[in-house]
1. Looking only at the stretch 239-264, how many residues end up being surrounded by fewer than 18 Cβ atoms within 10 Å (Cβ to Cβ), part of a loop (DSSP other than H, G, I, E, B) and modelled with pLDDT under 95?
2. Of these, ALA86, ALA99, ALA94, ALA105, which one is under 25 Å from ARG22 (Cβ atoms) and either in contact with a Gly (Cβ under 7 Å, 6 or more places away or on another chain) or among the small types (Gly, Ala, Ser) (or both)?
3. For the stretch 332-364, name all the residues that are at pLDDT 80 or above, out of contact with any Ser or Thr (no Cβ under 8 Å at 6 or more places or on another chain) and more than 16 Å from PRO296 (Cα to Cα).
4. I'd like to check something: does the stretch 91-104 contain any residue that is farther than 20 Å from LEU4 by Cα, of a type in the set (Gly, Ala, Ser) and buried (at least 21 other Cβ atoms within 10 Å of the Cβ)?
5. Do you know which of the residues in the stretch 105-132 that are over 16 Å from PRO72 (Cβ atoms) and of a type in the set (S, T, N, Q) is surrounded by the fewest Cβ atoms within 10 Å (Cβ to Cβ)?
6. If you go through the stretch 139-173, how many residues are closer than 19 Å to ALA255 by Cβ and either modelled with pLDDT under 95 or assigned to a loop (DSSP other than H, G, I, E, B) (or both)?
7. Here is a list: ALA86, ALA78, ALA47. Which entry is small (Gly, Ala, Ser) and outside the structural domain of ASN171 (by TED's automatic domain parsing)?
8. Restricting attention to the stretch 22-75, and to residues there that are among the β-branched types (Val, Ile, Thr) and closer than 20 Å to GLN122 by Cβ, which single residue is surrounded by the most Cβ atoms within 10 Å (Cβ to Cβ)?
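The values are calculated or read from the model by the stated rules, or taken from the named source; none is laboratory data. Quick caveat: nothing in here was measured; it's all calculated off a predicted structure. Note that we place each Cβ from the backbone using ideal geometry, even for glycine, and neighbour counts take in every protein chain shown.
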Amino acid sequence: MQLLKLVAEQIRIGARLPFNVRDGEGGLLLACGQIVISAAQLAALLARGMYADVAELRALRAGEKVAAEPPPLSTRWAQAVWSVDAMLKLLPDALRFRASCEETASEVIALTVQDGDLALYQTVRQEGLQLRLYGLTHALYVATLCLMVARRLLWSEERQRKAVKAALTMNLSIIDLQGMYAMSGGRLTQSQRELIRLHPEEAAKRLRVAGIDDEEWLEAVAQHHEQTSGRGYPKGLRDVSEMAQLLRLVDVFLAKISSRVGRPALAIKTAARQVYEQAPGSAMAASLIKEFGMYPPGELLRLANGDLAVVVRRGASLQCPLVMALADGQGQLKSQLIRYDTAQREYAVVGVEADKSWMARVPSERLYGLYGMHGLDTLNPTH
């Protein structure tokens, strides 16, 4: 495949793509027929580097129609971030916002249900995360984990969907501020602190204006920073709804394992222990921890044979995930990915790697992009 690097003028925002957009290795970023939603998304694609197959461009010039490749799940996850952005920007257009919210929630649910391991991988690795988009990605990942915990708690499908929509909208009044703070760190001004303190009620207010009348959804948004101890905000309530407690639990946990300027991400085991200590005996906290397990997808491990490997699937037991080896004991990147089952003694886990920079060398498309839910079983034989 011969690739041609694209420039901004070759992409029309809001129009369907006439060709497949790829990364520098030919991996699919956006399928023919998909839409670049905003200038911010286009800028992100340009920064990553976007390309087109020369053969497809020639076919277009000849008047032929380019066949759309089915987008892999990893591509759909990347697009979901921009769907959240577009949804929130529709406010105060009530009709279009409500429709977009339902559509975005449906996509989050479909992606998570289709491959829970990839869903966890996204929340742990947060691949290609641009700190200025922190508010958007955080909303997406909170929604994802809320769904997974709600499913484990056997909530009805209606309540699961409601929790997803509440998570996607709970910070709608401070999305830009979240990104700005994630990029700059430092101290917030008094006015910024006040915006944060009031944002739960402000978000609920804007949802009401948009015609949302589901009281459980609105209550969850308005109370998602309250604590049953009375130490939460903005009202210091003790009687906090169950859904609001779920939002807060996942919100706090993901904030702990997310890096920002001047504050590295907390180790997953440490974050899980803190969550459990703060809510001992909580079925929600226990469900969240069980969902992640000891070594969740996206965690970087050192194996008994010296290899550095990333977890791609939860295994039959908590201690034995399935991994993809990225580098050997000398730090040399492997020419091809090799799947190991860490239940085998020679590939047992010996430790968690703190330096996650290795993972930037292997995009998730190489791990999940071309395969279905069980596709990893056929990549390479377990050695």
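1. Qualifying residue count, the stretch 239-264: 4.
2. On the way: ALA99 fails: under 25 Å from ARG22 (Cβ atoms); ALA94 fails: under 25 Å from ARG22 (Cβ atoms); ALA105 fails: under 25 Å from ARG22 (Cβ atoms).
Just a single option satisfies the conditions, and that option is ALA86.
3. GLN332, LEU333, LYS334, SER335, GLN336, LEU337, ILE338, ARG345, GLU346, TYR347
4. Of all residues in the stretch 91-104, those farther than 20 Å from LEU4 by Cα come to 91-104.
From what's left, of a type in the set (Gly, Ala, Ser): 94, 99-100.
Subsequent filtering for residues that are buried (at least 21 other Cβ atoms within 10 Å of the Cβ) retains none.
So far as the stretch 91-104 goes, no, none of its residues is farther than 20 Å from LEU4 by Cα, of a type in the set (Gly, Ala, Ser) and buried (at least 21 other Cβ atoms within 10 Å of the Cβ).
5. This residue is SER106.
6. Filtering the stretch 139-173 down to residues closer than 19 Å to ALA255 by Cβ leaves 139-149, 163-164, 166-173.
When the remaining residues are screened for being either modelled with pLDDT under 95 or assigned to a loop (DSSP other than H, G, I, E, B) (or both), the result is 170-173.
Qualifying residue count, the stretch 139-173: 4.
7. Working: ALA86 fails: outside the structural domain of ASN171 (by TED's automatic domain parsing); ALA78 fails: outside the structural domain of ASN171 (by TED's automatic domain parsing).
None of the other options fit; the residue is ALA47.
8. Looking at the filtered set, the residue picked out is THR75.
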